[in-house]
Amino acid sequence: MRALFITGTDTGVGKTTIALSLASYLSLKERIDVGVMKPFETGLTEGSVDSTLLKQVSGSPDDISIISPYRFELPLSPYAASVKEGREIDLEFLDGVFEKLMGSHRITLVEGAGGVLAPIRRGLFFADLIKRWDLPTLLVAPLGLGTINHTLLTLRYLSSVNIEVVGVVLNDRDAQRDPSKESNPRIIAEHTNVTILGIFPYLQQMPERERLAEIAQQCLDLRPILSRIPWPP
């Protein structure tokens, strides 16, 4: 496994938080050379800096233009944003950037935007990009009410198009008391053969790289990922 795709059941479920934590853990605790990629970043007028944070916590020397080749101001799907801003998305160019990153690092973490059926171009979705690059996938889902339906729907769709899911991380997005938070992990586990890697705790603000690595180490079972990262030659 030279690369891992990090997707979510929806937008705002915590993909970036989990990607940051995983990049921090692998680079700091495991001393692994980690590449990061966010092929599309939208909503830059609202101050989104996901690709910059990924670069910082991973220790990647790569330029932001490589980490995030397509960046849009509007907070829309890549397809909608590219149409509004009059920019064409070139998949062959994107392939070349991805291949360069994958060849430069022991593992590359690729973070999506929105869910697996968020459109990149007309008729082309993130699931198609995952298939195009033949990537195993980590699914991030919210911990609270509604996650059973969204998580199982996403897992069923990914299975139907033969995309391998290495595990699910349930992210606690708020500090609200919700009785479903206690039962959701068990019920999801009962209805899928995909491993629940753990519950990521609520973070009031984004901590430093070291703390993110510690949280990932304490709260997540990362063995299904670590066991597949190739050793350097």
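The numbers here are math on the coordinates, done by the rules we state, and not lab data. All of these numbers come straight from a predicted model, not from anything done at the bench. When we count neighbours, we look across all protein chains shown, and the Cβ atoms used for this are built from the backbone with ideal geometry, even at glycine.
What to note about this one:
- Residues PHE125, PHE93, PHE5 arranged by fewest to most Cβ contacts within 10 Å: PHE93, PHE125, PHE5
- R0 of 41 Å, Cβ-Cβ distance MET1-SER183: FRET efficiency to nearest 0.05: 0.80
- Subtracting the Cα-Cα distance of LEU145 and TYR202 from their residue separation scaled by 0.36 nm leaves 19.0 nm.
- Residues HIS191, HIS105, HIS150, ranked from the fewest to the most other C-beta atoms within 10 Å, line up as HIS191, HIS150, HIS105.
- Computed E for GLN217/GLU73 - FRET, C-beta separation, R0 41 angstrom, nearest 0.05: 0.65
- Spin-label model, VAL49 to LYS131: label points 7 Å out along the Cα-to-beta-carbon direction sit 3.8 nm apart.
- Residue of ARG209, ARG173, ARG186 that the Gaussian network model of the chain assigns the largest fluctuation, springs spanning Cα pairs under 10 Å: ARG186
- Kyte-Doolittle mean at least -1.0 and Cα axial length at least 18 Å: DSSP H helices in the chain: 15-28, 91-104, 147-160
- Gain on full extension, evaluated as 0.36 nm per residue between ALA80 and ARG156 minus their Cα-Cα distance, stands at 24.8 nm.
- Residues TYR202, TYR25, TYR79, ranked from the fewest to the most other C-beta atoms within 10 Å, line up as TYR202, TYR79, TYR25.
- Sorting the Cα pairs of the stretch 92-210 by distance into bins of 10 Å, from 0 upward, gives 11, 38, 33, 17, 2 percent per bin.
- Take every pair of alpha-carbon atoms less than 8 Å apart whose residues are at least six positions apart; their mean separation over the length of the chain yields a relative contact order of 27 percent.
- Applying 1/(1 + (r/R0)^6) with R0 = 41 Å to the Cβ-Cβ distance of GLU88 and GLU190 gives a FRET efficiency near 0.35.
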